[in-house]
Amino acid sequence: MNLAERLARVRTGIPPKVTLVAVSKTQPVELVREAYLAGQRHFGENYVQEWRAKAEVLSDLPDLVWHFIGSLQSNKAKYLVGRVGLVHTIDREELARELGRRSASKGAVARVLVEVNVAGEASKSGCAVEEVPGLVAAIGTIPGLELRGLMCIPPFEGDPRPHFRRLRQLRDSLGLTELSMGMSSDYQAAIEEGATIVRVGTAIFGERHR
């Protein structure tokens, strides 16, 4: 099965109202272009340096939308301004303020999600569940930012549904819109639990290239 066929198979299980982000981290730029030619428009990258290189090579694709889905250092936030459609991984006020400052200084507005560590895993980044309302309130006061919703990566072991459900309930309690959750192994469950954005890599591109 080639890339276009894998992409088509994934898309058949995703309702039109759900945004499919093809996770292209570590994949060669040629495969990103191939997915684009097969109709995919939203792509997710984890590393600023890798994303910048790909964005430069693929700058001829006018309606390609980049999503930044990896941990972001405050000193690299400046590179995303005006070039990324959605930043999924805001997990602390310091980072939010730096991205907002950089965006406002350029007359831009960065659309963002708060990353939530739904299971409280020490090995993962993300804002603790109990700290989310405070971070959401802080973001609401920062010029240059538009908060759209929440994002999570559930534990790799066990049933992800309770974690997806918890994120949905948290989003609803805060009056937000987007829910970025679900990857290759569990995106269908995530959609059933209310995801509005799913991040799928391996099921589209195959195994990572490094």
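Using modelled backbone amide H atoms (1.01 Å from N, in-plane), which distant-in-sequence or interchain residues come within less than 5 Å of THR89's amide H?
Here LEU113 satisfy the definition.
Could you order the peptides 147-156, 43-52 from most to least packed, using the average number of other C-beta atoms within 10 Å per residue?
147-156, 43-52
Any idea which of SER59, ILE204, LEU170 is furthest toward the positive side of the dipole for the chain, if Lys and Arg beta-carbons carry +1 and Asp and Glu beta-carbons -1?
SER59
Hey, rough spin-label estimate for GLN188 and SER59, points 7 angstrom out along Cα→Cβ, what's it come to in nanometres?
Using points 7 Å along Cα→Cβ, the separation is 4.2 nm.
What is the packing order of peptides 56-62, 132-138, taking the mean over residues of other C-beta atoms within 10 Å and listing the highest first?
For the peptides 56-62, 132-138, the packing ranking is 132-138, 56-62.
Taking 30 Å as R0, compute the FRET efficiency from the Cβ-Cβ separation of ASN75 and PHE156 and round it to 0.05.
Using R0 = 30 Å, I get an efficiency of 0.55.
Per 0.36 nm of contour for each residue apart, how much would the distance between GLU146 and ARG41 grow if the chain were fully extended, relative to their Cα-Cα spacing? Show your work: numbers first, answer last.
Working: separation 105, 0.36 × 105 = 37.80 nm, distance 2.15 nm.
Length gained, GLU146 through ARG41: 35.7 nm.
Note the full-extension length gain between LYS106 and ARG52 as 0.36 nm times their separation in residues minus their Cα-Cα distance, in nm to one decimal. Mind showing how you got there, number by number?
On the way: separation 54, 0.36 × 54 = 19.44 nm, distance 1.85 nm.
That pair, LYS106 and ARG52, stretches by 17.6 nm at full extension.
Every number here is computed from the coordinates shown, using simple stated rules; none is lab data. The structure displayed is predicted, hence computed values, not measured ones. Because the Cβ atoms are built from the backbone with ideal geometry, glycine has one as well, and the counts that use them run over all protein chains shown.
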